Amino acid sequence: MDTYTSMKTLFNLTYSLAYYIAAGLLLLTSSLLTSCSSQKAALYSNELRRLKTASASKFALQIDEFNAYPQRPVSDGPLNPKNNKDFLLANVPLFSSSDSTITKVYNYRWWMISKHLKAYADPEDGKSYWVVTEFFGVKPWASLSGAITCPAGQQFYDVRWLRDKKFLKSYADYFMRGSASRLNQRENANFLTYLSRPESHHFSSWMINGIEAYLKVHPDAQWMHDLLPAMEKHQQVWDSLFTVKLPGAKTNGMYKILDLYDGMEFSLSAVLGLIHSKGAYCLYTEDNWRKYYLGWETTGNAERSDQAKAYPKAFRKGYPDFYLIRPSVNSYAYGNLQSLADMYKLDEAKYRVSQSGSKAADYAARAAQVQNKVLQVLWNKQDQFFNTYSAGDNEFGARDYEARVRESVGYTPWYFGLIPTRDYDNYSKAWEMFASRKGFYNTAGMTTAEQQHPYYNEQAYAWNGRGWPFENSVVYKGYANYLRNYKKSSTPAEKQLLYDYIEKLARMHGTDHLNIGEWYIPSNGKTFGGESDYFHSTFPDIIIEDLLGFKAMHEHRFSINPLLPESKWDYFYLGNLRYHDHDIDIIWKKDWKPDEPGNQSFVCMGRPQIDCNQCILK
């Protein structure tokens, strides 16, 4: 068997790697696993030392390079060019591969993340917190700490891989039971809704699910137990303020949001709903909607309109009070509810509290209700896609109106595993648009609306087509989950599509001075626009979980199932990864002894203090 065929076989399988902490040994279980010979163990140990040293040295040099970038925002927190190198080398999972661009972007993104770890002394409760910021400084639409809920789910998925546990535990405490959970979002020039709500709910998020994702890497039963009541209250606010409460409405009980507070400013699904509306929103027509709902420079036109004067509560500074039932916010709710069910189940097993068991069952049932609603209401069999509806209890504008446009948020259900595995093939056709030029595939990256729609526009500061790294992070995980958890066996073309998207995202960071910004132009974008060193999306998690397939679990085990195309890399190394209080190192090489003929492709893994006792071989 040649090397590429071996790698193909290897990467098409999932390897359960269960280690037993009591024994202090790494035990790998799979039909393909055999004990390493002493020769292979020595080979692995030598290569581990080499790759660990080389990866750390390269990272250190690149940190110096990143620190020297001119005209970059000053760090929000205490980590800066004077002290960030030691912190990053001690805390970041090391990664290297034969793709130097992806490796460097991975390292850059950790450097960027360190700039957003902010120490905050809260004057409201007298406590000190670590928060994670998105923009630098304290924006008017942020909490008083400067943290913003919109990217919090993304931030939890990336930052969970840091070895130091304090940052996300403190960040969760701040939003779940700190002042941000009680203080109303302040009125400001960017407050474009009449709905008062806590800072922790200013934008949609999947923070509860993010906390569970963190606990899969760094389990802490006591902290979780103490935080669960606050997480319940957090969900109760979503339930009370952001659900349709009109019996008989098709969308009754589903979660609703304004475009802006879903982090997506202006969407085509909102445009179609506004055009379909009467009364206050008869302002919007097929011919002139671009004048009123296509970027921030247009809302002033709506504010000056006769309709805004006649219906002052239908607009807030020209922004329509038009709620949508989106696949995004409903999938976030499903993820949060299912995570509450999972964590209460763990809590019951740990503390034998019967109340926790009943709550686990209750939240699982509620998650199933959301799941059923999304599948029954938002899935359009003709379009083979999850579409957006207008809220069934809108005070102004169309109610229960389905917007017939495919938007990238329609892939969000796969991020949270909302699709039943037994029925996955009923929904899989949606991914054809992910690979299509009529759909979301473009030269420089993914679009946020289907390109064949007549209203598609990638130039406006909107989600009508323009690419946003935030959405890349959601959709790429959704696609990786689809290939790994639903299909079980993915084709070379499907793996290549995922890699192609990730590679484009990496290359858009630039070459001389790497950067991550807010948006890009999918048809010809060569770099990002907007902010610099902007923490609104993931990348380390895309590499660790989505591409390499390191799946964290509550149990004391993990699995690794890469989705790499067989001919892309010669090797990868992922190490210094702190997982369940153990250090994990993983090496795959296509050719361990270049001077010797024959197939040598295998994965080896172990802890730094232990030689490779077991290896994946083929």
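Just so it is clear, none of the values below were taken in a lab; they were calculated from the coordinates. Being a predicted model, the structure only gives us computed values, none of them experimental. Positions of Cβ are generated from backbone atoms using ideal geometry, with glycine treated the same way; all protein chains shown enter the neighbour counts.
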R0 = 41 Å: FRET efficiency of D393 with S436, Cβ-based, nearest 0.05? 0.70
With each label point set 7 Å from Cα along the Cα-Cβ vector, what nm distance links L241 and K350? 2.9
Using a 10 Å cut-off around each Cβ, can you sort L274, L498, L89 from fewest to most neighbouring Cβ atoms? L89, L498, L274
With an 8 Å cut-off on Cα pairs and a minimum separation of 6 or more residues, tell me the relative contact order of the chain in percent. 19
I want to make sure I understand the PRE zone here: with the label point 7 angstrom from the Cα of N524 toward its beta carbon, which residues in region 463-501 have backbone N atoms less than 17 Å away? 466-467
How long are the three semi-axes of the equivalent ellipsoid of region 242-405, in whole Å, if each is the root of 5 times an eigenvalue of the C-alpha gyration tensor, listed from largest down? 37, 16, 13
Could you tell me the calculated FRET efficiency between D125 and A42, based on Cβ-Cβ distance and R0 = 51 angstrom, to the nearest 0.05? 0.35
Would you please put 424-435, 335-346 in order of how densely packed they are, using the mean number of other Cβ atoms within 10 angstrom per residue and starting with the highest? 335-346, 424-435
What is the distance in Å between the Cα centres of region 266-345 and region 522-549? 27
Can you tell me the order of 45-51, 389-395 when each peptide is scored by its average per-residue count of other Cβ atoms within 10 angstrom, highest first? 389-395, 45-51
D581 versus D423: modelled label distance in nm, points set 7 Å from Cα along the beta carbon direction: 4.2
So how much slack lies between D570 and N188, counting 0.36 nm per residue of separation and subtracting their Cα-Cα distance, in nm? 132.2 nm
Using a simple charge model, +1 on the beta-carbon of Lys and Arg, -1 on the beta-carbon of Asp and Glu, nothing else, what dipole does the chain show about its Cα centre, in debye to the nearest 20? 420
At T491 and R50, where each label point lies 7 Å from the Cα along Cα→Cβ, what is the point-to-point distance in nanometres? 3.8
Using a Förster distance of 25 angstrom, determine the FRET efficiency expected from the C-beta separation of S358 and H554, and round it to 0.05. 0.80
Could you put R406, R72 in order, starting from the residue whose Cβ has the fewest other Cβ atoms within 10 Å? R72, R406
Restricting the calculation to Cα positions, tell me the Rg (one decimal) and the Dmax (whole number) of region 77-185 in Å. 14.8, 50
Show that you can apply the helix-only estimate: for the chain, add -39,500 (n - 2.57) for every DSSP H stretch of four or more residues, divide by all residues, and state [θ] at 222 nm to the nearest 500. -11000 deg cm²/dmol
Too long at a 18 Å Cα-Cα cut-off: which of K52/K85; K127/K166; K58/K216; K165/K345; K118/K165; K115/K166? K58/K216; K165/K345
GluC sites (Glu not before Pro) restricted to DSSP loop in region 180-232 with at most 11 other C-beta within 10 Å: E187
